[in-house]
Amino acid sequence: MEILRLLSASEIVAHVVCFLILLAILKALVWKRLLGLIDKRRERIASDFRNIESARAVVDKLTAEYDAKLKAIDETAKSRIREALVEAERMIFDMKKTAHVEAKKIIDEARANVRYEAAKATDEVKDRIIDLVMRATEHVIEERITTEEDRRIVGEFLTNIDRM
């Protein structure tokens, strides 16, 4: 209120007239440029928002494609792992089967060797027994029978022993 006391009515009217004149001059010279700059800035901001939205759509599309490719890669990897496991199980089965066949072959060969060695040992024992019996018989009879006759007699003796 004190300001109103300091100013007179003519000063207030002069200020209002100056303000209106300044407003008219600014409206005529600057207002259109200022509104043009504001409109350009508004368009630029709107364009930037449109670009951002389109870039976001592209990013969303690329993200979806990337996720789909990752999922496909993951499925492929899982499939290959399953295939490798199946192949490994098949290889293990084949190895076990081969090992079993080889073990059976080794056992059969060992049995055949044992039979052969047993037969060989039996023949050696028979030969020794024949020799011992012949020597004992020679001492008992004090005369020697032919070798063929000795072998025949001892062979019959051993055959009788085997039957018993």
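So, counting K/R as plus one and D/E as minus one, what does the shell of residues with Cβ under 14 Å around Leu35 add up to?
Its environment carries a net charge of +4.
What nm value, rounded to one decimal, do you get for the distance between Ala112 and Val86 when each label is placed 7 Å out toward the C-beta?
Inter-label distance under the simple model: 4.0 nm.
Just to be sure I understand, if you calculate Cα Rg over 2.2 N^0.38 Å for this structure, which of (1) 1.32; (2) 4.00; (3) 1.13 do you get?
Here the calculated entry is (2).
Give me the extension gain from Thr147 to Leu22: residue separation times 0.36 nm, minus the current Cα-Cα distance, reported in nm with one decimal.
Difference between extended and current length: 29.0 nm.
Give the angle, between 0 and 90 degrees and rounded to the nearest 10, that separates the Cα long axis of helix 9-26 from the longest principal axis of the Cα atoms of the chain.
It is inclined by approximately 50 degrees.
Using a simple spin-label model with points 7 Å from Cα along the Cα→Cβ vector, what separation in nm is obtained for Glu124 and Arg44?
Reported label-point gap for Glu124 and Arg44 is 11.3 nm.
What does the net charge come to around Arg90 if you take all other residues with beta carbon closer than 12 Å to its beta carbon, with K and R at +1 and D and E at -1?
So the environment of Arg90 carries a net charge of -2.
Among the lysines, select those whose C-alpha is under 28 Å from the C-alpha of Lys69, and discard any that sit fewer than 8 residues away in the same chain.
The reachable lysines, counting only those whose Cα sits under 28 Å from Lys69, are Lys61, Lys78.
Report, in deg cm²/dmol and to the nearest 500, the calculated mean residue ellipticity at 222 nm for the chain, where each DSSP H run with n ≥ 4 adds -39500 (n - 2.57) and the sum is divided by the residue count.
Rounded to the nearest 500, it is -33500 deg cm²/dmol.
Read the figures in this text as sums done on the coordinates, not as results from a lab. None of these values were measured; they are calculated from a predicted model. Note that each Cβ is placed from the backbone with ideal geometry, even for glycine, and that neighbours are counted across all protein chains shown.
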